[in-house]
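The block underneath contains the structure these notes are about, expressed in structure tokens.
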Amino acid sequence: MNQFVDECRREWKRLRVPDAVADEMAADLAADLKEAESEGASGEEVLGGGASDPRSFAASWAAERGVIPPRLTARLPRRSLMLAAIAALTITAAIGAALVIFASPDASAPTTAIRLSPPAPYPTNVSFDKDGPARAALATREAELAHAHAVLLAQLPGPALVQANGGIVLRLPQAHGPGVEIHTVGSILLIVGIAGVILSVLFLFWSSSRRVDTARS
Amino acid sequence: MQRMASSEGRRSQLLRGALDLCLLAVVVEGPAYGYEMTKRLRARGLSIVGEGSIYPLLGRLEREGLVDTYRAPSNGGPPRKYYRASRKGQRALAAGVSEWRAARDAVDAVLGLVEAEVQP
């Protein structure tokens, strides 16, 4: 009989029933069981069908008395919380993957932007002497235009699609910021996101199967 | 065997719907603690062996204000929690008994005919 009361106390503690209430219920139960025992009555005559399952008996009694404190997880469906967590982790992984791909050393090479300079218009009224001043002026003009494009592209904040020379080219900032390795940050986000999604999905399946088993039993 | 199990299940369901009224009726007679109520029910032929426990029901009655409680020493034992019907509980008992009788009469009106045909 004492074992039954002890099991009930453990269940009340697990359910966070206030100690004063749990003490009162345990004392009443122990006194009733003791009296029944002294009269030769079985525990089932006191407890009814609850005699075979102390945890359910204790939980049912506490719930009916309204002494189980509400919890956040009880107010929000656990499944909804898990789905929200999976969505957040998926977004994290996607951001990480984007950073890893776009901030890789090849993609961020500055040559990509510098090659966008359009061909300088050739003057029509110059003759192409081998060492003439017109050729020198043309070369200077080409260099100036290329430099101007490079400066313009370098001033764009963050990744951007740039239209030039009849095509669209992806322009990326430098992968190595001051003190921050974007590639490393992306890798971390990707790993954390993928691992979190996998663990969340596994937990979701495990809790679903457990709920089905509980319902069957 | 299956017929017996079905009969027990029906008895459980019927008792489940009326056990709270029975507890209220018992404490209207006079204050009682948990096991004392069980003994009063048993003295009238109502055993809860194999049925739901009275303690969760008492908890619900207390939460809904249908019973008042107080602690008092029992006969030679430790102080016990006594239950007695509140005014609200007395009104709920009266309403519940009316509902029970109406339901019982309606069921009797149907099942009484069946009994007359089975027993020539």
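Read the figures in this text as sums done on the coordinates, not as results from a lab. Only a predicted model underlies this, so the values are computations on that prediction, with no experimental measurement involved. Backbone-built Cβ (ideal geometry, glycine too); neighbour counts: all protein chains shown.
Numerical summary
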read-out: Net charge, B:N75 excluded, C-beta distance under 11 Å - Lys, Arg +1, Asp, Glu -1; value: -1
read-out: Diffusion constant of the range B:5-73 at 20 °C, which comes from Stokes-Einstein with the Kirkwood Cα-pair radius and 1.002 mPa s, µm²/s; value: 168 µm²/s
read-out: Space enclosed by the convex hull of the alpha-carbon atoms of chain B, per residue, Å³; value: 133 Å³
read-out: Integer Hz, Karplus 6.51/-1.76/1.60 couplings in order for the range A:27-39, x for Gly and Pro; value: 5, 4, 5, 4, 5, 5, 5, 5, 5, 4, 5, 5, 8
read-out: Two-site FRET efficiency, A:T90 against A:S56, from Cβ-Cβ distance with R₀ of 56 Å, rounded to 0.05; value: 0.90
read-out: Cα Rg, Dmax, the range A:2-69, angstrom units; value: 11.6, 37
read-out: The range B:2-118, relative contact order in percent, only Cα pairs under 8 angstrom and at least six apart counted; value: 26 percent
read-out: Placed amide H near B:R71: partners under 5 Å, 5+ positions off or other chain; value: B:Y82
